[in-house]
Amino acid sequence: QVQLVESGGGLVQAGGSLRLSCAVSGTIFSINVMGWYRQAPGKQRELVAAITSGGTTNYADSVKGRFSISRDNAKNTVWLQMNSLKAEDTAVYYCFATRYGRDYWGQGTQVTVSS
């Protein structure tokens, strides 16, 4: 089993920054991709950013240049640095990890950006 615990969400003014963390525990070997999805009220869950074990990153167009994903394989942790936040970034952010083709999810952390 793989467990993911997120932290770092909260309320911030537009233009501000937040840093999300996701710690992975359990059967953690062979985890390939880690990253973050988000879901805003009334909208589908969307990929925000992902990073492979080799460090290759992928970002949603809407966050490119503002968000940065990083990962420490030794600490089994992934971070999402969010800068220049906008009201439309308001959502529940979910950490995920992929192992042998199976996705594991965190419980989600709320990010609210006030305009």
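The values are calculated or read from the model by the stated rules, or taken from the named source; none is laboratory data. Computed from a predicted model, the values in this text were never measured in an experiment. A quick note on method: Cβ atoms are made from the backbone with ideal geometry, for glycine too, and the neighbour counts reach across all protein chains shown. In case anyone asks, the SASA skips ligands and DNA or RNA and just uses the protein heavy atoms, side chains included. Shrake-Rupley method; radii C 1.70, N 1.55, O 1.52, S 1.80 Å.
Selection of the range 4-63 for residues being of a type in the set (Phe, Trp, Tyr) and either in contact with a Gly (Cβ under 7 Å, 6 or more places away or on another chain) or closer than 14 Å to Val92 by Cα (or both) yields Trp36, Tyr37. If you go through the range 60-75 and keep only what is over 20 Å from Ser25 (Cβ atoms) and either in a loop (DSSP other than H, G, I, E, B) or open to solvent by less than 50 Å² (accessible area, probe 1.4 Å) (or both), you end up with Ala60, Asp61, Ser62, Val63, Lys64, Gly65, Arg66, Phe67. Every test in (1) open to solvent by 40 Å² or more (accessible area, probe 1.4 Å); (2) assigned to a strand (DSSP E or B); (3) among the polar types (S, T, N, Q) is passed by Thr98 save one, and that test is (1). If you filter the range 32-44 down to residues that are within 12 Å of the chain's Cα centre (by Cα) and surrounded by fewer than 21 Cβ atoms within 10 Å (Cβ to Cβ), you find that the one that is nearest to Val113 (Cα to Cα) is Gln39.
Of all the listed residues (Val78, Val12), the sole one being in contact (Cβ under 8 Å) with a residue 40 or more places away in the chain and surrounded by fewer than 19 Cβ atoms within 10 Å (Cβ to Cβ) is Val12.
For Val5, the conditions (1) touching a residue at least 60 places away in the same chain (Cβ under 8 Å); (2) open to solvent by 40 Å² or more (accessible area, probe 1.4 Å); (3) outside any strand (DSSP E or B); (4) not acidic (Asp, Glu) all hold with the exception of (3). Answer yes if at least one residue in the range 51-59 is touching a residue at least 24 places away in the same chain (Cβ under 8 Å), touching a strand residue (DSSP E or B) at 6+ places or on another chain (Cβ under 8 Å) and either surrounded by fewer than 19 Cβ atoms within 10 Å (Cβ to Cβ) or assigned to a strand (DSSP E or B) (or both), and no otherwise. Yes - at least one qualifying residue is present in the range 51-59. Within the range 23-39, at least one residue is in contact (Cβ under 8 Å) with a residue 40 or more places away in the chain and of a type in the set (D, E, K, R). Scan the range 22-31 and tell me whether some residue there is in contact with a Lys or Arg (Cβ under 6 Å, 6 or more places away or on another chain), at pLDDT below 95 and in a strand (DSSP E or B). The answer is yes; a qualifying residue exists.
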